[in-house]
Amino acid sequence: MARSELSRREVIAGAVGSGFALAVRPVSAATITTGTEGLAVADVRIRAADGDVSAYSARPAKPKGKPPIVLVVHEIFGVHEHIRDVCRRLAKLGALAVAPDLFARQGDVSKIADMKEIVGKVVSKVPDEQVLGDLDATLAWAKAAGGGDPRRVGITGFCWGGRIVWLYAAHAAVNAGVAWYGRLVGDKDALRPRQPIDVAAAVKAPVLGLYGGQDQGIPVATVEEMRKALAAGGAAAKRSEIHVYPDAGHAFFADYRPSYRADAAADGWTRLQAWFKTNGVI
């Protein structure tokens, strides 16, 4: 490989996502870019239980009072440019959006080109307990050093992160969550002792689930199982909702990938805003 090409790829795939992860290159022409005008953005370090965690934060440069907090949970590609852009979109809505690198201890997925290798070498080795603890630390940082409003907290996540949204809604006191095509059922082991279906009845905050009817990895039948589990649960579970886009597949919000479906993505983003507004986040 020529040095010029190597340099370009190194720039594209920096730590904590200074660009898009190698595994998703080349990105789609439909990729959305949200500027930083009117925002304060930064790469930050957050003290967690067993060391520091890197994170990307975005907030209004001149907020009117303390901004609401939205935790953003990344896909298997880590905190790359798409996740950073989502943070900026949320900041444009007035939020302090923070996306921690939840894979940092296991490896840097931004520099791995093969998806199977990302899952096998990094993602499969990340314990849920570690993830939930890092999100707790991120929320504590957002409330203190970040200057966010502790009374208005939301969480959203995509794919791998969508599953985590369901788990975190059962773990912590937040106002609301929005889970984008996160897996609901699956094998359990020491690292992943519970799946969303197992905690559905016990969620402490209402969650909006956004799913694709053509998702080959998340059968509609499992979505229906989740709906039944929520309906049989507590107050927050009963207030939770799941919306399925019949013609969309997995990762329909990922504008940088061929899976992107503009209509479903736009509708989902509108629903996210309405959900957070209804539940006191933004």
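The values are calculated or read from the model by the stated rules, or taken from the named source; none is laboratory data. Since this is a predicted model, take the numbers as computed values, not measurements. In this analysis, Cβ positions are derived from the backbone assuming ideal geometry, glycine residues included, and neighbour counts consider all displayed protein chains. These accessible areas exclude ligands, DNA and RNA; they are computed on the full protein's heavy atoms, side chains included. Shrake-Rupley method; radii C 1.70, N 1.55, O 1.52, S 1.80 Å.
Which Rg and Dmax, in Å, describe the Cα atoms of region 151-222?
Reported Rg and Dmax, both Å: 11.8, 38.
Over the Cα atoms of region 36-88, what Rg and Dmax result, in angstrom?
Values for region 36-88 (Cα only, Rg and Dmax): 12.2, 35 Å.
If I histogram all Cα-Cα distances within the chain using bins 10 Å wide from 0, what percent of pairs lands in each bin?
Whole-percent P(r) values from 0 Å outward: 7, 31, 39, 20, 3, 0.
Tell me the per residue accessible area of the chain using a 1.4 Å probe; a whole number in Å² is fine.
So the chain comes to 43 Å² accessible per residue, rounded to a whole number.
Just to be sure I understand the model, the point goes 7 Å from the Cα along the line to the Cβ. What's the resulting E241 to K121 distance in nm?
4.3 nm
Test of understanding: express the Cα radius of gyration of region 92-196 as a ratio to 2.2 N^0.38 Å, with N the residue count.
Scaled against compact globular proteins, the figure is 1.11.
In a shell of Cβ-Cβ distance under 12 Å around V223, excluding V223 itself, what net charge do Lys and Arg (+1) and Asp and Glu (-1) give? Intermediate results must be reported in sequence, preceding the final value.
On the way: positive: R183, R227, K228; negative: D215, E224, E225, E241.
So the surrounding residues net to -1.
Which FRET efficiency value, to the nearest 0.05, do you get for R271 and R45 by plugging their Cβ-Cβ distance into 1/(1 + (r/R0)^6) with R0 = 35 Å?
Given R0 = 35 Å and the Cβ-Cβ separation, E is 0.60.
Looking only at region 15-56, which residues have a backbone nitrogen under 19 Å from a spot 7 Å from the Cα of D114 in the C-beta direction?
21-26
Compute, for K121, the solvent-accessible surface of its heavy atoms (probe 1.4 Å) with the complete set of protein chains present, and express it in square angstrom to the nearest 10.
Result for K121: roughly 120 Å² accessible.
Give me a comma-separated list of calculated 3J(HN,Hα) values for region 133-147, in order, Karplus coefficients 6.51, -1.76, 1.60 applied at θ = phi - 60°, integers in Hz, x for any Gly or Pro.
My calculation for region 133-147 gives x, 5, 5, 4, 5, 5, 5, 4, 4, 4, 6, 9, 4, x, x Hz in order.
Students often check this: by mean Cβ neighbours within 10 Å, which of 189-198, 264-273, 147-156 ranks highest, and how do the rest follow?
Values: 189-198: 15.3, 264-273: 17.5, 147-156: 20.9.
Output ranking for 189-198, 264-273, 147-156: 147-156, 264-273, 189-198.
Give me the percent of accessible area attributable to carbon and sulfur for region 55-152, probe 1.4 angstrom.
55 percent
Leaving ligands, DNA and RNA out of it, work out the accessible area of M115 with a 1.4 Å probe and give it in Å² to the nearest 10.
80 Å²
What is the calculated FRET efficiency for A201 to E37, with r their C-beta to C-beta distance and R₀ = 45 Å, to the nearest 0.05?
Efficiency for this residue pair is about 0.55.
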